[in-house]
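The values are calculated or read from the model by the stated rules, or taken from the named source; none is laboratory data. Since the model is a prediction, treat every value here as computed from it, not as a measurement. We place every Cβ from the backbone using ideal geometry, glycine too, and count neighbours over all the protein chains shown.
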Amino acid sequence: MSSPSAFAHEGRCRDDLVPRPVAESEPADILVMRKKWPSHSNIQRDILKSLPANVRVLLLDDRANAVSKIPTLARAAPGQKVLDVAAHSPNHWVHDYLPEMVINPEGRPELVHFAYASPEDYEQDSKDRFRYLLTGQGEKPPPQFPLNGLVARSLADFLSLPLRRSEIVLHGGHYIAGEGGTIFLSKALLRKNESSRRDLEDQLKTLLFAKEIVWLPDIFSEPTGHLDVYAMYLGQKRFLLQRTSDDSFWNREVDKAAETLSALGYRVDWIISPSEKRFYVNSRRFGQTLFMPVYANRSFFGKIRMDEHDVQAKAKFESLGFAVVPVPATELDDKMGGLHCLTKSYRCNF
């Protein structure tokens, strides 16, 4: 097991690091996942076996004294640096509630933590839980919101990075950072926050050291309003967008995003999914290694299988220069989201 200091950023100032949001297309070297996943899932093991050698892994553990109890994960990834972090993380969507990384004006990385939900949402969530505890009626409400900032604080302390907080409601899925200080935001944020568009833009530019904001449509039939269900930034002003073969409304919104991006000089590539339930762009990348969800069930002996749609998606990513690692998304229930939602990557080696 590694010590926390092995994961901590050295905090050295770099003159060539300009203030900016850190783009997901930059080479990441830390993977964060929640430790407790469904007992029947082998997805964590699949990911750890195929991670690039330079990537270190943090598993968020709910226990106060986090001690690894998953020897199979360590065996599955010989030589990997895997460490538990004591952090109260009641839901799985770490990409959405963990903080975003930026480079500040001193040339140092730091973290910016946004609100996962509005105070009204937290209040309603507490009322629903209390009502269930009193009456026992209905279905037990699942954990919706992480405790305000506790996980972010634990992570920042562990990585030895400064942490700034904002009351703006913003999920990681609402936000894509490109190069040069450009950020792409879901229009769902305009409904989730009371600020005007101009005020919201001004606040986010200041918080994230962003130079330009591009607003992209959210899919009305997709309740989260996240962009990562249909868009993936590849770097060098290039996007991969996902259309479906069975939902014209979905495609209309994605086509609007493509028009916006093309007008700004971005190149748009396409991937086709047979339905809006298959999120191939909801993948996690480390350099040119890409973990892609596939939707065929494992064989009886545990072998990962792919159907024709999975094979076509894999071929598309390979044509873009990625080494694709298939990850069985059928082992996740509908409420757990996709692979990108369940993981978070950071770059700490600049």
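Observations
- Selected residue (criterion: farthest from the chain's Cα centre (by Cα)) from residues of region 310-350 that are at pLDDT 95 or above and of a type in the set (Ser, Thr, Tyr): SER319
- The set of residues in region 1-49 being modelled with pLDDT under 90 and not in a loop (DSSP other than H, G, I, E, B) consists of PRO4, SER5, ALA6, MET33, ARG34, ILE43, GLN44, ARG45, ASP46, ILE47, LEU48, LYS49.
- Taken over region 233-263, residues that are in contact with a strand residue (DSSP E or B) (Cβ under 7 Å, 6 or more places away or on another chain) and touching a residue at least 60 places away in the same chain (Cβ under 8 Å) amount to 3.
- Region 232-265: number of residues that are more than 22 Å from the chain's Cα centre (by Cα) and at pLDDT 90 or above: 10
- Qualifying positions in region 255-268 - crowded, with 17+ Cβ neighbours inside 10 Å and either more than 19 Å from GLU24 (Cβ to Cβ) or of a type in the set (S, T, N, Q) (or both): ALA258
- The residues listed here are ALA86, ALA117; of these, the one that is in contact with a Ser or Thr (Cβ under 9 Å, 6 or more places away or on another chain), modelled with pLDDT under 90 and among the small types (Gly, Ala, Ser) is ALA86.
- Candidate set: region 269-296, residues that are crowded, with 16+ Cβ neighbours inside 10 Å and aliphatic (A, V, I, L, M); chosen: the one modelled with the lowest pLDDT: ALA296
- Strands (runs of 3 or more DSSP E) enclosed by region 233-350 - at least 2 residues per element that are on the phi < 0 side of the Ramachandran plot and hydroxyl-bearing (Ser, Thr, Tyr): 343-346
- If you go through region 188-217 and keep only what is part of a loop (DSSP other than H, G, I, E, B), at pLDDT below 95 and surrounded by 15 or more Cβ atoms within 10 Å (Cβ to Cβ), you end up with ASN193, SER195.
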